[in-house]
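The next block holds one structure in the form of structure tokens; read it before the comments.
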Amino acid sequence: MCEQCGDRGKSHEEHVIHEPERRKMLKMAGASVLAAPLLGVLSPAHAKAQPAASALGKSPFAARAYGARSVGGHFEPLQIQRRALGPRDVLLDVLYASICHSDIHTARGDWGAPSLPCVPGHEIVGRVIAVGGAVTKFRIGDIGGVGCMVDSCGECENCLSDREQVCLNGTTFTYGSPDKVSGGHTLGGYSDKMVVTEKFVIRIPPGMDLVTTAPILCAGITTFSPIRHWRVLPRQQVAVVGLGGLGHMAVKLAVAQRAGVTVFTTTPGKIADARRLGAKEAVLWSDAAAMKRLANTFDLMISTVPYAFEAQPFMDMLKPDSTFVNVGLGEARGINPASMAFGRKRLAGSMIGGIAETQEVVDYCFARNIRPEIELIRPDQIDAAYARVVGKDARYRFVIDFASTKAQA
């Protein structure tokens, strides 16, 4: 029996590593297996097709948002248009939306000119306030989450394998993608309301701390997915390169797998934080002696660095037959092919996960009380928060509080 998860007939190692059956079960049963319904709200497992409770969302409607009207422009209040609810759509009253470094890259044009106005936000938690008539996954009053994507074709090989994030016919991302339904481009979660197809809304278990949940929907799944894919086992050695929004979640999730975690950071002030988060060791990139000492140490290295960096010093610290996975999208420069060949080492990439795996990480964090480290801000503090993220002053995710603004309205 798994002492940590309560799964009879399996050891913890078997339960947390081998995923195909679990993913199928998650798709069928959902998060309702983890907690009883709260305040009388029916659990998703018992939901039936239902009519919308009001006229809200029956036609396109105006929503309030915060966005930039120009590349790199400051964030200001905007009025945007949301589509009418389709039969399978859910209308969310957004409570919290957190800031990912991807939002900053997009808004500032680091990855090419964004569609304007730019309304980012792909770590979103909200309350269901209306549903389409064919919706079965949610009822009014439930809490749902939206991550980095809101649609895919549903028919290609990747979609049928629970990898909607790499749909062969084009994933529709939460902001900045062509909007197949309403035209124009998608607008993200820095807004008071969103309409999303029910399949792409994650069930948030009753009783989960909503203020700290939003970052799990990107930072959590982005770091959870490689830990799952490369099957991190207890007592294996995992390195996390960069301690920011993604990095701090990588530490918490790897520690939850009972791995030995070492953090590599450029910020001396984060050394103590890394240990507080559960890392057994934290090393500055500038400490050449420590990096030499750690040669041939790690079973898996997860880089969360969002900028170009020299990767070979980290490759040297991999054990033979081990993997350096880049989830931060920073360019890994200076790789020595001979070194890779002689150690049969792998340089790999990874990004978020499919809907089933995203639901899984939310449930996983809820069951183990894993919470991102957050700072709550008002919508009018977005510009200042962006500057603090770039200045490495975030500890470790800014969450925009829309809930309190509605309570005061």
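The values are calculated or read from the model by the stated rules, or taken from the named source; none is laboratory data. This one's a predicted model, so the numbers in the text were calculated from it and none came from an experiment. A quick note on method: Cβ atoms are made from the backbone with ideal geometry, for glycine too, and the neighbour counts reach across all protein chains shown.
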Residue identified as over 27 Å from Glu123 (Cα atoms), more than 26 Å from the chain's Cα centre (by Cα) and assigned to a helix (DSSP H, G or I) among Pro320, Pro313: Pro313
Farther than 30 Å from Gly67 by Cβ and small (Gly, Ala, Ser): which single residue out of Ser404, Ser339 fits that description? Ser339
What are the residues in the range 356-374 that are closer than 15 Å to Val211 by Cβ and touching a helix residue (DSSP H, G or I) at 6+ places or on another chain (Cβ under 8 Å), if any? Val362, Cys365, Phe366, Ile370, Arg371, Pro372, Glu373, Ile374
Yes or no: the range 109-131 includes at least one residue that is touching a strand residue (DSSP E or B) at 6+ places or on another chain (Cβ under 8 Å), touching a residue at least 60 places away in the same chain (Cβ under 8 Å), farther than 23 Å from Gln381 by Cα and crowded, with 24+ Cβ neighbours inside 10 Å. yes
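Condition check ((1) more than 20 Å from Val150 (Cβ to Cβ); (2) modelled with pLDDT of 95 or more) across all residues:
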site	(1), (2)
His12	yes, no
Lys24	yes, no
Ala31	no, no
Pro37	yes, no
Val41	yes, no
Phe75	yes, yes
Gln79	yes, yes
Ile99	no, yes
Test each condition in (1) out of contact with any strand residue (DSSP E or B) (no Cβ under 9 Å at 6 or more places or on another chain); (2) without any contact (Cβ under 8 Å) to a residue 40 or more places away in the chain for His101 and report the one that comes out false. (2)
Every residue from the range 179-201 that is touching a residue at least 12 places away in the same chain (Cβ under 8 Å), farther than 19 Å from Arg64 by Cβ and not in a strand (DSSP E or B): Lys180, Val181, Glu198, Lys199, Phe200, Val201
Quick one: Phe224 ticks every box in (1) in the same structural domain as Phe61 (by TED's automatic domain parsing); (2) touching a Ser or Thr at 6+ places or on another chain (Cβ under 9 Å) bar one, so which box is it? (1)
Going by the conditions given, is Asp380 of a type in the set (Asp, Glu), assigned to a helix (DSSP H, G or I) and either farther than 27 Å from Thr172 by Cβ or modelled with pLDDT under 95 (or both)? yes
Do the conditions hold for Thr174, that is, is it surrounded by fewer than 23 Cβ atoms within 10 Å (Cβ to Cβ) and under 30 Å from Val305 (Cβ atoms)? no
Would you point out the residue of the range 79-101, among those that are buried (at least 24 other Cβ atoms within 10 Å of the Cβ) and small (Gly, Ala, Ser), that is farthest from Thr223 (Cα to Cα)? Ala97
From the set of residues in the range 339-368 that are touching a residue at least 40 places away in the same chain (Cβ under 8 Å) and assigned to a loop (DSSP other than H, G, I, E, B), which is surrounded by the fewest Cβ atoms within 10 Å (Cβ to Cβ)? Met351
Kindly indicate which of Ile221, Ile204 is touching a residue at least 24 places away in the same chain (Cβ under 8 Å), buried (at least 24 other Cβ atoms within 10 Å of the Cβ) and out of contact with any strand residue (DSSP E or B) (no Cβ under 9 Å at 6 or more places or on another chain). Ile221
Does any residue of the range 134-152 turn out to be more than 18 Å from the chain's Cα centre (by Cα), without any contact (Cβ under 8 Å) to a residue 24 or more places away in the chain and either crowded, with 20+ Cβ neighbours inside 10 Å or assigned to a loop (DSSP other than H, G, I, E, B) (or both)? no
Subset of the range 156-178 that is in contact with a Pro (Cβ under 9 Å, 6 or more places away or on another chain) and part of a loop (DSSP other than H, G, I, E, B) - its residue that is nearest to Thr358 (Cα to Cα): Thr174
Residue that is touching a Lys or Arg at 6+ places or on another chain (Cβ under 9 Å), within 30 Å of Ala403 (Cβ to Cβ) and not polar (S, T, N, Q), where the choices are Val261, Val196, Val251, Val181: Val181
